[in-house]
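Visitor: First, the structure itself, so that you have it in front of you.
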Amino acid sequence: MSTALQGLPDLDADAGSGIVARRAVIRWGWRLFRREWRQQLLVLGLLTVAVAATIWGASVVTNAQIPPGYPTFGTGAAQVTLPGTDPQLAADIATIVGRWGPADLIEKHNITTGTRQFVQLRAESPHGHYNSPLLSLVSGTYPAGPGQVALTSQVATRYGAHVGSTWHAAGTTWQVTGIVQDPSNLADEFALVAPGQLRQPSQVIMLLGPAAAQELGGGRVPGVPAANVLLPTEQVSGIPPAVRILVVEVLGLAFIGLVSVASFSVMAQRRLRALGMLSAIGATERNLRLVMIAGGLAVGATAALAGAVLGLAAWIAYAPTVQRDTGHVVDAARLPWWVFAIGIVLAIATSALASRRPAKTMAAVPVVTALSGRPAPPTAVHRSALPGLIVFAAGLACLALSGGLNGVADGNGGQGHVLFLLVGLVITIVGVCLLAPLAISVLAAGAGPRLPVAIRIALRDLVRYRARSGAALAATTFAVFLAMGICIVASIRFDNPLNWIGPNLSSNQVYVPAAQSLGPGQSTPLSAAQLATLTTRVNTLAASLHASAVPLESASTLYQVGPPAHGVQNFTGTVYVATPQLLATYGIKARQIAPGTDILTMRPGLAGLPHMEMLWGSATSCSGTCRGNPAEPGSSGGLPCTLSNDCLASPAIQTVSSLPSGTSAPNTVITEYAVSKYHMQTQLFGWLLQAPAPLTAAQRSAVRQFGHANEVPVQTATYNPSLVDFTDGATALGIVIALSVLAASVGLIRSETAPDLHTLTATGASGMTRRTITAATAAALGLLGAILGMAGAVIAGMAWSHSGLTATAGGVPPSDILILLIGLPLVASIGGWLFAGREPPAVARQPIE
């Protein structure tokens, strides 16, 4: 007799006592779990990883954020900024302090480093009223007198300084007394000196208390016209990140639940005879269901406990990395415990619900059928197909209401749009998975007599064991849906020709601006003498890099005037002038430019955008205020777009793929024909240095030294993910997940049909036949999952983006589509072929379980 029947409860002795019977059945289910836990390692492992990932992910996103206003105001309620050029600076400071009480004074002066990152020389008291969250001591001591300074670790490393050494800056030699940091912004590079040590600060910041915040709501200080007031603003972040983590966990648990259904179905089939015996001695259908559900609860509780321990351990180990990557001090004990509790409960519920479906099916099997060990007949297809279609349609409706990419990113309405998106995504995936049994039934029609016997056996087994194969197909479909969905979203986002995304420059390019930077986001034009000197030095730098120096001039900008819901869309980037030197650099001949062309661009789709406007002269100098709403040229109520207003509606745009694709490179240029025709005034913006090979480390160091010496923020190549990076990563992830699911599912299905393999072996079937059966099973599931997942993702993308098939999936690289559609079933079949074929043991008696 099977070990599964050992310790079988005597239900007749418990007749009339439902509580005692249920307790006995639960104890038996627990004993089964302890004996057969190795056979459920797949579900245990998946649930453990899901809980651990939820705890780790929620901890990361919770500690990756800091409260709004904290990095700017410390514990203060208002910030007043005064320029260092204020002729009445001391009197204005005294006025503010006398009216609104004590204030923390922070004097700043920027020191150029030759890059976009500046070092601030900062004079403030480390023991102020409100600035304590903005300053902490790492080692040494704070500066206390003249000639003393404390540096951040980045500044100390940059200049090779340490505690006890000297540091030369701002025309002064300083004694380094300590290492400091801003806990809320570890990337902040500054040098701290004692109050009063900056004779000519470029900016003075005052942190004030709540009393000032109540009276300075208008943004101005009465009697101090030079002052600028900043108050903390409420952030509209839509759905909190912790909730999004929970949504991701729900999606992951839905995927795990599909795999779990297949696993528990196999376990239920193995226990079918034992369940029949239990029913024969008086167990009710409720008792039979309770056996499987108790096992599911045991699996879920064990996995939840192990996942919680693993997740917390992973978070504690990863916390220093989060602190380094996010740039602020992280408290490892600051955790969203409510998210942990919900995640653990969801994991246990997933396991219980996954076991309930096969438990319900097996409990309804007649006693004689159960004792014979025959599988239950498959459920009618229409029972899952009709609900699947209804749920899928409801999901598409929610996705359509989410407003697409612009709706999710839309300010105040973003929260509702994100909610529609998340709900629609979950419902759509559920609907697609409910349609999986319908796809399985298609295999019955394909298993015709023309196919080889081994393939017909594989396809008919999938239909015969539809409960297991349907869940396996749903899990595979889920993985492909997510992979294809990520590819579609990435292509839509990256294919926006107005908001171009990707690397700024290639590895052999350098951009040198023709302006002197005063600080982050602040620059001043160069005089004629300074510009001539910088031009000579740029040419010398280009010669040392064996590069060509292409002057970059600008004369206009672009906008797209859309419907009121979206307003005016700004063109991100600079529209440079297509000088002959620039065109020659990229091999563009004059005959390639169509007559009457105003704009050349490499951005696909820009030439076809409607309602485009090109502005220059006075229209750009007033930043759009001359034409209606600030920063919204051509908006409702503004001046019309006419040539007399320095505006051209619907300029002629030609796509030229030879132009560079970098966001800081001249990817969009205005022709000299348009500059001459509309009498535009050009302005030198900078130089693009193009070397014949990628820059070496020594050359990049020379470029940084050039920027430092000339006080200009040069740019070299920085890594930004491209569309190919996103789509390839999503495709690889989907392939790995889908193959893992197929491997586990095919193993479960083939293990359930082991008696059939015994029979085939006894009748003389070779290893080739067994390999063909397994390979056909994996290939059929992979192909159906790829078709169903890709179709569902494309339809969902069309509903979400409100566009047609070409606009939705046209930007997805064809290679990724082919890999999912052809590569997945091919690799699955090869894997099934290689790992099958072992001859089973000789035909033996049929086991009881």
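Visitor: Would you kindly give the portion of the calculated P(r) for the stretch 137-223 that falls above 19 Å, as a percent of all Cα pairs?
Guide: More than 19 Å apart: 49 percent of the Cα pairs in the stretch 137-223.
Visitor: Accessible area per residue of the stretch 149-221 at 1.4 Å probe, in Å²? All intermediate terms of the calculation are to be shown ahead of the outcome.
Guide: Details: 3220 Å² over 73 residues.
Heavy-atom SASA per residue in the stretch 149-221 reads 44 Å².
Visitor: For the stretch 79-178, state the semi-axes of the equivalent ellipsoid (square roots of 5 times the eigenvalues of the alpha-carbon gyration tensor), sorted largest first and rounded to whole angstrom. If you can, show how the numbers build up before the last one.
Guide: Details: eigenvalues 145, 56, 31 Å².
Whole-Å semi-axes of the equivalent ellipsoid: 27, 17, 12.
Visitor: Order the peptides 501-509, 674-682 from the highest to the lowest mean number of other Cβ atoms within 10 Å of their residues.
Guide: Descending mean neighbour count gives 501-509, 674-682.
Visitor: Take the solvent-accessible surface of the protein heavy atoms, probe 1.4 Å, and return the percent of it on the stretch 156-217 that carbon and sulfur atoms account for. Before the final figure, lay out the partial values.
Guide: On the way: 1360 of 2840 Å².
Answer for the stretch 156-217 is 48 percent, counting heavy atoms of protein chains only.
Visitor: Please list THR772, THR655 in order of solvent-accessible area, largest first, computed with a 1.4 Å probe with all protein chains present.
Guide: Most to least solvent-accessible, the answer reads THR655, THR772.
Visitor: By accessible area of protein heavy atoms, probe 1.4 Å, what ranking do ILE670, ILE593 get, highest first?
Guide: Working: ILE670 0, ILE593 45 Å².
Solvent-accessible surface, decreasing: ILE593, ILE670.
The values are calculated or read from the model by the stated rules, or taken from the named source; none is laboratory data. Keep in mind that what you see is a predicted model, and the values were worked out from it rather than measured. Note that each Cβ is placed from the backbone with ideal geometry, even for glycine, and that neighbours are counted across all protein chains shown. Calculation scope for accessible area: heavy atoms of the full protein, side chains included, ligands and nucleic acids excluded. Shrake-Rupley method; radii C 1.70, N 1.55, O 1.52, S 1.80 Å.
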